[in-house]
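What follows is a short report on a single structure.
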Amino acid sequence: MPFTDDHRRDHGRKRVPEGLCHVCKTCRGAGVPHVSSFGHRSRTWQGGKFRAGLIDWGRVAGNGTLPVHTAWRTVASDLDCTVGNKAGELAMSTMQAVMLTAPGVVEQVTVPVPGAPEGDEVLIRVTRAGICGSELEGVVTKSPRRKPPLIMGHEFAGVIEAVGPDVDTARWRVGDRVVPNPLMPCGQCRTCQRGRTNACPNRILLGLHRDGGHAELAKCSVRHLHRTPSGISDDDAATAEPLAVAVHGVRLLGEAGVLPRSIVIFGAGTIGLLALQSARLAGATTTVVIDRDPHRLEVASRLGATRVIDARTDDGSTDALGRLALEMTDGEGFDGALDCVGVGATRAGAVRMVAPGGTAVWIGSAADEIPVRGMELVLNEKRVQGAYSYTDHDFSAALGLLAAGRVELTSWSKVYGLGEGASLFTRLLTHTEPCIKALLDPRG
């Protein structure tokens, strides 16, 4: 059915392909049935709702036909069109997502798909998304930084599903595998100009300030996209973000003039285990990992830690850790420490265990007020270095390590269907789910 002049005016300059309009004003008013480009009568606006053919993306037949599932959805009166991509595919109207619906509340929801990509945006069909420890911490503490309703998820990878009008289609095409760098600096401030883009005061993080990847679809500017290296899995690609955090923390030790020969790591969660591997790749020959979870410590040992310490035992006491630092380093203390937990005891322990002139890098962010002895810092010229996220260089380095097969993830990560995402949050928060790194598959 060709579009009328009124219909085209209602769409403005979007140049929507025939059959891909869902809820434009003209169609709502006329109750016009639409025929998709694949020949299915897909939707009719009727009294504030439309009858919609929802597309199962994973079941597109070779002849271009699509299985259609009928559903009802209420649509706000001011919505414009949802369009397909430049290849002319039919856009789905709703999607599944895991959403922070209220402070401390995570729910499984059905929501409208993101609007058509504008400017240099792309629409990404998410293939894998990680659950970050900062998201778990944000839920349990009801952090004001995450304002519901919000689709979290800043660790994700996927495939370009549609591109905006300003995207260079010679470089970025529908079907390309991509990994978004979710940290978006302004690029204009003095901090950005000095190369500290991760500390940009105007930065925006997908999954924190804007909807992220815990859904079937997500949007991102092409300026923050990286190609997924050939040969790496979706699981690995979605782990590029936390690996970039670890790479950044280890790199900060080098910037402080510390050759990472001996390092102590507090925490054997995702960041701690990735920091362990990053430190060893950077040249650390003596690595100690401290945690309270025997399973995590076993994984750390398998990944090459020289020594693992259970913080609940006598070996994990303050005095014992002080003695260990001297015993393993010929009486000097560790060259560097990486605190990947962020509570007072680990912050202080990281400072205490480094040698004079050594550096403690604080990565975790679970506590604000930290007890540190000032004279210890002054008399021994110890450094405390904060570490927030990563630069785009760190992100690229992380993808390079994954592409080279230098980082092991498979044995300590597990994939779950997006449909159990909300319950998975609960299990992770109550420590009834044993996996270290949880990944969501929207197709599962």
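Annotations
- Residue in region 264-287 that is in a strand (DSSP E or B) and surrounded by fewer than 24 Cβ atoms within 10 Å (Cβ to Cβ) present: yes
- Residues that are of a type outside the set (Ser, Thr, Tyr), surrounded by 16 or more Cβ atoms within 10 Å (Cβ to Cβ) and under 30 Å from GLN96 (Cβ atoms) occur in region 184-194; there is at least one.
To keep it simple, each residue is scored yes or no on (1) surrounded by fewer than 21 Cβ atoms within 10 Å (Cβ to Cβ); (2) touching a residue at least 24 places away in the same chain (Cβ under 8 Å); (3) assigned to a helix (DSSP H, G or I).
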{"site": "ALA350", "(1), (2), (3)": "no, yes, yes"}
{"site": "VAL361", "(1), (2), (3)": "no, yes, no"}
{"site": "ASP368", "(1), (2), (3)": "yes, no, no"}
{"site": "LEU377", "(1), (2), (3)": "yes, yes, yes"}
{"site": "ARG406", "(1), (2), (3)": "yes, yes, no"}
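- Taken over region 208-220, the criterion of being crowded, with 18+ Cβ neighbours inside 10 Å and touching a strand residue (DSSP E or B) at 6+ places or on another chain (Cβ under 7 Å) is satisfied by ASP211, GLY212, GLY213, HIS214, ALA215, GLU216, LEU217, ALA218, LYS219, CYS220.
- In region 226-263, the residue that is farthest from ILE160 (Cα to Cα) out of those that are small (Gly, Ala, Ser) and surrounded by 20 or more Cβ atoms within 10 Å (Cβ to Cβ) is SER262.
- Residues of region 416-437 that turn out to be loosely packed, with under 14 Cβ neighbours inside 10 Å, out of contact with any Gly (no Cβ under 9 Å at 6 or more places or on another chain) and of a type outside the set (Ser, Thr, Tyr), as a count: 2
- Annotation: ALA320 fulfils all but one of (1) under 19 Å from CYS435 (Cβ atoms); (2) out of contact with any strand residue (DSSP E or B) (no Cβ under 7 Å at 6 or more places or on another chain); the unmet one is (1).
- Scanning region 106-156 for residues that are among the acidic types (Asp, Glu) and assigned to a strand (DSSP E or B) turns up GLU107, GLU121, GLU155.
- Residue selected from region 74-103 under the condition among the small types (Gly, Ala, Ser) and at pLDDT 95 or above, by the criterion surrounded by the most Cβ atoms within 10 Å (Cβ to Cβ): ALA97
- Selection from region 311-331 of residues that are without any contact (Cβ under 8 Å) to a residue 24 or more places away in the chain, more than 19 Å from GLY269 (Cα to Cα) and not in a helix (DSSP H, G or I): SER317, ASP330, GLY331
- Extreme residue, surrounded by the fewest Cβ atoms within 10 Å (Cβ to Cβ), among residues of region 160-172 that are among the charged types (D, E, K, R) and farther than 15 Å from HIS226 by Cβ: ASP168
- Only one entry in SER396, SER411 is more than 28 Å from LEU217 (Cβ to Cβ) and touching a helix residue (DSSP H, G or I) at 6+ places or on another chain (Cβ under 9 Å), namely SER411.
- Hey, LYS142 at pLDDT below 95 and closer than 23 Å to GLY207 by Cα or not: yes
Here is a yes/no grid of residues against (1) modelled with pLDDT of 95 or more; (2) under 30 Å from GLY336 (Cα atoms); (3) in contact with a Cys (Cβ under 8 Å, 6 or more places away or on another chain); (4) not assigned by TED's automatic domain parsing to the domain that holds ARG223:
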position: MET375; (1), (2), (3), (4): no, yes, no, yes
position: VAL378; (1), (2), (3), (4): no, yes, no, yes
position: PHE395; (1), (2), (3), (4): yes, yes, no, yes
position: ALA403; (1), (2), (3), (4): yes, yes, no, yes
position: PHE425; (1), (2), (3), (4): yes, no, no, no
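The values are calculated or read from the model by the stated rules, or taken from the named source; none is laboratory data. Every value quoted in this text rests on a predicted model; they were computed, and no experiment measured them. Quick reminder, even Gly has a Cβ in these numbers, built from the backbone with ideal geometry, and neighbours come from all protein chains shown.
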